[in-house]
Every structure is written in C-alpha cells, then in structure tokens.
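What follows is a short report on a single structure.
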C-alpha cells in the first residue's frame, strides 16, 4: 500500500509539474486596433483620439485588468499610443514603439518568449501582424468602422492557436 501511494504521488506530482511547465512556457499576444480617432481634419496624418476613443482606451484597460502584461507595443502615432497608455499605466510599463511596416516577427517572438504582450496597431497592420505570427494569411484588414476586434494568439512549443473577439 505504501508503494502504491508513493507511485500515485509521483504520477500526480509529475502531472502537476507538466501542467505548470506548459503554462509557464506559453507566449500570449493580444492585438487591438487603436480606438476611434479624430477625423475632423482630413489632412492630419497623426490625429488624437476622440472622446469616444478615449473612453474605449479606458475600457480596454478595464477589460485587460486581470491580465498581467510583460510588454506593451504601439506604433508611433498619437491614436495608438493613446489607446495603449491606460493599460500600460495600469501595468507600470513604458510603451515599446514598433514600426508598422518593418515588422520583424522572429525577433518579436524571441524577445517576448514566455511573456504576455499587448500590441496596438491599425486596421491594416494589426491583421498583417497577426498573420505574420500565424505564418499564413488568415485575417483580412479590419473594417474602418470597427475598433473593437481583439485577436489573441498563444504560442506553446512553436504551435500557435488564435481567436478573435469583437468587444463593443
């Protein structure tokens, strides 16, 4: 009986260790598009968020309140930085700026291995970045009126899974 107990304990311990190991070796990426931008000046290539956009940025930080981010990436535009900042502030993080058309997915994946990351982009660059991590084209550009898509990618042992939620 003593040996049976020890055997069962060893099996349960190894199972628990394996589950903890899997959880600790996952990289999770949350991708969102910037919130609603000010469209009053059509010539302004770097507009700020509207009041509705500021509320959405605050809402994202509430939606993400139970997620401990290790890094938050944003393009170097007012609208993306303003969308990311409330969540960065709640996590005590500085924004990491990336260039939307010079994506180095391999470096990003290496730099953020086993981390939880928020990436704020644009209607065209967000799906492009998601597709790049997936390794194939799955997602199309986001409709210009949609600021509520949330793409979640998890990478475990080089295998990716993804899902898309729309939060309005």
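Observations on the model:
- Rounded tilt (10° steps) of 125-134 against the dominant C-alpha axis of the chain: 20
- Packing-based order for 53-61, 122-130, 34-42, using average beta carbon neighbours within 10 Å, highest first: 122-130, 53-61, 34-42
- Inter-label distance for residue 46 and residue 114, nm, one decimal - labels placed 7 Å from Cα along Cα-to-Cβ: 3.8
- Between 146, 110, 91, the residue with the greatest mean-square fluctuation in the GNM of the chain (Cα pairs under 10 Å linked by springs) is 110.
- Per residue of the chain, the DSSP helices (runs of n ≥ 4 H) give a summed -39500 (n - 2.57) that works out to -12500 deg cm²/dmol at 222 nm.
- Using alpha-carbon coordinates, inclination of helix 2-24 to the longest axis of the chain, degrees: 10
- Folded to 0 to 90 degrees: helix 78-91 orientation relative to the chain principal axis, Cα: 30
- Within a Gaussian network of the chain (alpha carbon springs, distance under 10 Å), most fluctuating of 98, 30, 136: 136
- Annotation for residue 141 and residue 101: the two label points, set 7 Å from Cα along the Cα-Cβ direction, are 1.3 nm apart.
Where a number appears in this text, it was derived from the coordinates with a stated rule and is not lab data. Computed from a prediction, not measured in an experiment: that's the story for all the values here. Backbone-built Cβ (ideal geometry, glycine too); neighbour counts: all protein chains shown.
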